[in-house]
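Asks: My questions will all concern the structure given below.
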Amino acid sequence: MTAMLTSSHMSMETISPTQPITAINSRFSPWLVPLAYFLCRLILPLFFKHIEIIGQKNLPLEGSVVLAPTHRSRWDGILIAFAAGRLVTGRDMHFMVTQDESEGFQGWILKRLGGFPINPKHPSVASLRHGIKVLQNQQMMVVFPEGNIFRGREINPLKPGLIRLALQAESNQPNLGVKVVPITLTYSHVIPRWGCEVTIRIGEPIEVAHYNQVSAKQNAKQLAGDLTTALEGLSAIEGNEEGILSFVSQG
């Protein structure tokens, strides 16, 4: 689930709803999805000593939603489903996977859990169109805006894919009401291991409809900047709390 759009030369404005392309679909298996959530509830509490989730009240229970989490571990996708998926919001989530992840037995499973393939270096029109379709159908999607896994706490430059998907969906269907939800995941160990702790902070949704006042390029830049600021704010809260705890223990 680590894929993200990195190609900057493909403009979302060039996606035509009538352009003939091979369709891409993502769906939810009526038996595999419940099984996956059952395993999440079983495995996560065994692996992690403590899972703290803050801000679940900020999760929209309906409408077009893009969850935008930081990416620090292979556990991130599973934890996001645990913190914001069916058991919390009553909603299943679509997510992007790399071409390699979408192949073989793993790909067979992921495609039935809402995943759909995308080439991060050269995203196809079919993949981009499917992402827009998900949002226009008032569904929820997970996109890691940093793209790859980064072990540090600092927020890395965001790739353009999430921003373009959200703005294009809102532009194609005015008053759609797309919301982008910033989320940070912080582990007690740089590389999560058995018995470590994790904190998931969910920020307030960003209304994409507010970013339609100037040119498409400026709108994208402003939305990316505001999402970065929101993620940095959530990350700073975690850092400040750790600093206070350290000071108390030393005192």
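Asks: Are any residues in the range 171-204 modelled with pLDDT of 95 or more and more than 24 Å from LEU46 (Cβ to Cβ), and if so, which ones?
Replies: LEU176, GLY177, VAL178, LYS179, VAL180, VAL181, PRO182, GLY203, GLU204
Asks: For SER102, state whether it is among the hydroxyl-bearing types (Ser, Thr, Tyr), crowded, with 18+ Cβ neighbours inside 10 Å and over 14 Å from the mean Cα position of the chain (by Cα).
Replies: It is true that SER102 is among the hydroxyl-bearing types (Ser, Thr, Tyr), crowded, with 18+ Cβ neighbours inside 10 Å and over 14 Å from the mean Cα position of the chain (by Cα).
Asks: Does LEU87 qualify as being under 28 Å from ILE191 (Cα atoms) and touching a Phe, Trp or Tyr at 6+ places or on another chain (Cβ under 7 Å)?
Replies: yes
Asks: ILE78 versus (1) at pLDDT 75 or above; (2) loosely packed, with under 12 Cβ neighbours inside 10 Å; (3) in contact with a helix residue (DSSP H, G or I) (Cβ under 7 Å, 6 or more places away or on another chain): which is the lone unmet condition?
Replies: For ILE78, the failing item is (2).
Asks: Take LEU135 and tell me if it is of a type in the set (A, V, I, L, M), out of contact with any strand residue (DSSP E or B) (no Cβ under 6 Å at 6 or more places or on another chain), buried (at least 22 other Cβ atoms within 10 Å of the Cβ) and modelled with pLDDT of 95 or more.
Replies: Criteria met by LEU135.
The values are calculated or read from the model by the stated rules, or taken from the named source; none is laboratory data. All figures in this text were calculated on a predicted structure; none of them were measured in a lab. Every residue, glycine as well, gets a Cβ built from its backbone with ideal geometry; the counts of neighbours run over all protein chains shown.
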